[in-house]
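The values are calculated or read from the model by the stated rules, or taken from the named source; none is laboratory data. Since this is a predicted model, take the numbers as computed values, not measurements. Every residue, glycine as well, gets a Cβ built from its backbone with ideal geometry; the counts of neighbours run over all protein chains shown.
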Amino acid sequence: MRYTKSRAILCLVALVIVTQLLTRITGTSYYLTQLTMSAYYALVVIGLTVLMGYAGQISIGHAGFFAIGGYLSAALTTHNLIPLAGSPLVQFLGRLGVLVRGQDIYGEQLLTVTPWAACLAAILVAALIAFLLGIPVLKLKGHYLAMATLGFGTIIYRIALASDYFGEADGISEVPGFTLLPGVAGLPPLVVNGDFDSRVQNYYIAWGVLIIGMVLLLNLIDSRVGRALRSIHGSEEAAEAAGVDTARCKLQVFVLSAVYAALAGVLLTHYNGGLGPSEASVMKSVRYVALVAVGGMANLWGALVMGAGLTFLSLRGVFGSFDDAVFGAILILVMLFAPDGILSLRLNGLRTCLKRESTDR
Amino acid sequence: MLELERIHKYFGGLHAVNDVSFRVETGSIKAVIGPNGAGKTTLFNLIAGNLAPSSGVIRFVGREIQGMKPHRIAALGMARTFQNIKLFHGMTALESVMVGRHVRSRAGFLAGMLHLPSTWREERQIRDRAMELLELLEIAEFAHVEATSLAFGQQRCVEMARALAMEPRLLLLDEPAAGLNIYETAEVARLITRIRDMGITVLLVEHDMSLVMDISDEIVVLSFGEKIAEDVPRAIQQNPEVIRIYLGEDEEAA
């Protein structure tokens, strides 16, 4: 079990490297931009897979958590605090060292929150909101839970669209780069931004984050808590009888998936240099659900492959203006013909091969 | 071990459990019998925490547990099986039994995600113990088969193994012989006796009279939510009231 897992991860790492080399050789480096974005969206999808596929709790509001992450980090790192420089709160933040001075494109003095502090704040807020929302909402089941999370997503969308602080319909732009690690010992700094020169670096950062996120979730699924989550999906009553605190488990995994979505939101916003309210829209949430379903619900690998693959095609504009329609159609077709995900159709063959191999050993 | 004191349960106007009191002594096998609708399963759900009694006190290992959540009661050392088997869809037999080790292990969310070395040993113990139980119940060969796709009798065994994995002090069995033939029922009877010999107190609800009479130390008879008798099997067999509710009255004689 463990063996095949690390082998699969190594294959993925190799694939990521080979893809980058291929784009270089064939002179198609422009693909890297969409590949980078796909990795961040896939991060949302794998987080949601653990919630939906393994713990069996649906959420049609995860674009909301993505938007909380993206919007908060964007707003904190772009809004100028100089007019408020005298206030005790800003002075306190300054003493904490989470503020940074800079200049905007017109040469104006800027005082903003550092990306690291903004990132942590954004993720903490997303986790807190998920926690507070989860306590009442996760008592609901099936359609009722879907409706409640849909309501949450709609609220976040309307807040993003209506508040001046979040740029209303224009969203927030000119978000600075996010220096993950400063340059040390001759090595260049690791920065998440949309600069042309750091495209390769950003491709690796995005896929690195996705792969780490994937490893953590794969570990979780195989652990004591992971088994408890899956048992809730199987039979909540029996899980309780076996001593699993189902309410607590569901809440924890809800918060975890919200953190994944928020982190993706933060990083993608710094990469794109901004975001708009469409990132918070219900259609985005539905798309995440569709990608989890296409991946096979309780299948992290399927979610990763389909999440990154279909998002890449969508970002390349393959589906044209029918983009959302395509994802809707995919959802219907998957539910009808391959409820275990598209990969299951061929994986069944592969699995029998693997089984034969393991009995040989 | 377990003590019920004047338990009442109403569902709207229905008095499903009416003033029931009894004790289960440590190390014994006690059975609850009664015709359909007598309130046996309701009583089980009250004890296991799936329902809260309308009034009355339930004591388990010295603590009042009425109204406590099922997972907390489970953590105190009470395990149960269900009348209509409840297994986890999508999990193998081995994994299902490993879930039973939940209360006897502690690795948390972060430890699981990081797969810390400190959790390796615990994982191995969980797996080994679960495997031992599958062997005890003679279903080890199905360890890696999805539990819900097993035959009915084997599913029962998986459920039983899951309950035993919790190392409970008290085991509640809800109709363990339902749907089994006489050979399988005899098998279950031997198994229950063995579980008692392992030091686990057993409380069971059962329709099958032969099973109950053979293995129980004491029997409680329920009818329409009321306790009408409580005694050793031999006395219960001769109790006219029990005979009346089970076999019906002779109209002419009455």
Study note, to complete from the structure: Taking region B:186-216 and keeping residues of a type in the set (S, T, N, Q) and within 14 Å of B:Leu136 (Cα to Cα) leaves B:Thr193
Revision key, fill the gap. Filter region B:12-42 for residues that are within 22 Å of B:Ala177 (Cβ to Cβ), out of contact with any Lys or Arg (no Cβ under 8 Å at 6 or more places or on another chain) and away from chain A (no Cβ under 14 Å); the one that is surrounded by the fewest Cβ atoms within 10 Å (Cβ to Cβ) is B:Asn36
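Check region A:10-33 and report whether any residue there is crowded, with 22+ Cβ neighbours inside 10 Å, within 26 Å of A:Pro277 (Cα to Cα) and not aromatic (Phe, Trp, Tyr).
Looking for residues that are crowded, with 22+ Cβ neighbours inside 10 Å, within 26 Å of A:Pro277 (Cα to Cα) and not aromatic (Phe, Trp, Tyr), one finds none in region A:10-33, hence no.
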Point to revise | Boolean, A:Ser198 is under 24 Å from the mean Cα position of the chain (by Cα), hydroxyl-bearing (Ser, Thr, Tyr) and at pLDDT below 90 | key: yes
Exercise for review: Among the strands (runs of 3 or more DSSP E) lying completely within region B:1-93, list those that include at least 3 residues that are β-branched (Val, Ile, Thr) and touching a residue at least 40 places away in the same chain (Cβ under 8 Å).
Suggested key: B:14-24, B:29-33
Exercise for review: Name, by its number, the condition in (1) within 23 Å of B:Val212 (Cα to Cα); (2) crowded, with 16+ Cβ neighbours inside 10 Å; (3) in contact with a Lys or Arg (Cβ under 9 Å, 6 or more places away or on another chain) that does not hold for B:Pro70.
Suggested key: (1)
Study note, to complete from the structure: Picking from B:Arg156, B:Arg196, the residue that is in contact with a strand residue (DSSP E or B) (Cβ under 8 Å, 6 or more places away or on another chain) and touching a residue at least 24 places away in the same chain (Cβ under 8 Å) would be B:Arg196
**Study point:** Matching residues in region A:216-255 - criterion: being among the hydrophobic types (A, V, I, L, M, F, W, C) and within 13 Å of B:Val99 (Cα to Cα)
**Key:** A:Ile221, A:Val225, A:Ala228, A:Leu229, A:Ile232, A:Ala238, A:Ala239, A:Ala241, A:Ala242, A:Val244
Practice item. Could you identify the single residue in A:Leu190, A:Leu150 that is out of contact with any Phe, Trp or Tyr (no Cβ under 8 Å at 6 or more places or on another chain) and modelled with pLDDT of 90 or more? Key: A:Leu150
Practice item. Considering only residues that are over 23 Å from the mean Cα position of the chain (by Cα) and of a type in the set (D, E, K, R), look in region A:233-267 and name the one that is farthest from the other protein chains (Cβ to nearest Cβ). Key: A:Glu236
Practice item. Hey, could you check region B:1-11 for residues that are more than 24 Å from B:Pro233 (Cβ to Cβ) and of a type in the set (D, E, K, R) and say which is surrounded by the most Cβ atoms within 10 Å (Cβ to Cβ)? Key: B:Lys9
**Study point:** Unique match (being surrounded by fewer than 17 Cβ atoms within 10 Å (Cβ to Cβ), out of contact with any helix residue (DSSP H, G or I) (no Cβ under 7 Å at 6 or more places or on another chain) and of a type in the set (Ser, Thr, Tyr)) among A:Ser198, A:Ser163
**Key:** A:Ser163
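When you go through B:Glu122, B:Glu159 one by one, which is the residue that is within 10 Å of chain A (Cβ to nearest Cβ), among the charged types (D, E, K, R) and more than 17 Å from the chain's Cα centre (by Cα)?
On inspection, the qualifying residue turns out to be B:Glu122.
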**Study point:** Residue tally, condition more than 7 Å from chain A (Cβ to nearest Cβ) and in a helix (DSSP H, G or I), over region B:94-110
**Key:** 6
Review point. Restricting attention to region B:1-22, which residues are of a type in the set (Gly, Ala, Ser) and within 11 Å of B:Leu43 (Cβ to Cβ)?
Key: B:Ala16
Point to revise | Candidates B:Ala165, B:Ala75 - the one that is at the interface with another protein chain (Cβ under 9 Å from one of its Cβ atoms), within 16 Å of the chain's Cα centre (by Cα) and buried (at least 24 other Cβ atoms within 10 Å of the Cβ) | key: B:Ala165
Revision key, fill the gap. Here the residues within region A:298-331 that are assigned to a loop (DSSP other than H, G, I, E, B) and either in contact (Cβ under 8 Å) with a residue 40 or more places away in the chain or surrounded by 18 or more Cβ atoms within 10 Å (Cβ to Cβ) (or both) are A:Ala298, A:Asn299, A:Arg316
Practice item. Of the conditions (1) under 19 Å from A:Gly56 (Cα atoms); (2) surrounded by 15 or more Cβ atoms within 10 Å (Cβ to Cβ); (3) small (Gly, Ala, Ser), A:Gly177 clears all except one; give me its number. Key: (1)
Check your understanding: Do we find a residue being crowded, with 24+ Cβ neighbours inside 10 Å, part of a helix (DSSP H, G or I) and among the basic types (Lys, Arg) anywhere in region A:270-285?
Key -> no
Practice item. Tell me, please, whether a residue that is buried (at least 24 other Cβ atoms within 10 Å of the Cβ), at pLDDT 90 or above, small (Gly, Ala, Ser) and in a helix (DSSP H, G or I) can be found in region A:75-83. Key: no
Check your understanding: From A:Ala238, A:Ala264, which residue is closer than 28 Å to A:Thr4 by Cα, of a type in the set (A, V, I, L, M, F, W, C) and assigned to a helix (DSSP H, G or I)?
Key -> A:Ala264
Practice item. May I ask you to list the residues in region A:152-167 that are under 18 Å from A:His62 (Cα atoms), of a type outside the set (Val, Ile, Thr) and over 20 Å from the mean Cα position of the chain (by Cα)? Key: A:Arg158, A:Leu161
**Study point:** Residue ID - surrounded by the fewest Cβ atoms within 10 Å (Cβ to Cβ), chosen from residues in region A:221-232 that are out of contact with any Leu (no Cβ under 8 Å at 6 or more places or on another chain) and facing another protein chain (nearest Cβ under 7 Å)
**Key:** A:Val225
Study note, to complete from the structure: Note on region B:53-72: residues of a type in the set (A, V, I, L, M) and within 14 Å of chain A (Cβ to nearest Cβ) are B:Ile65, B:Met68
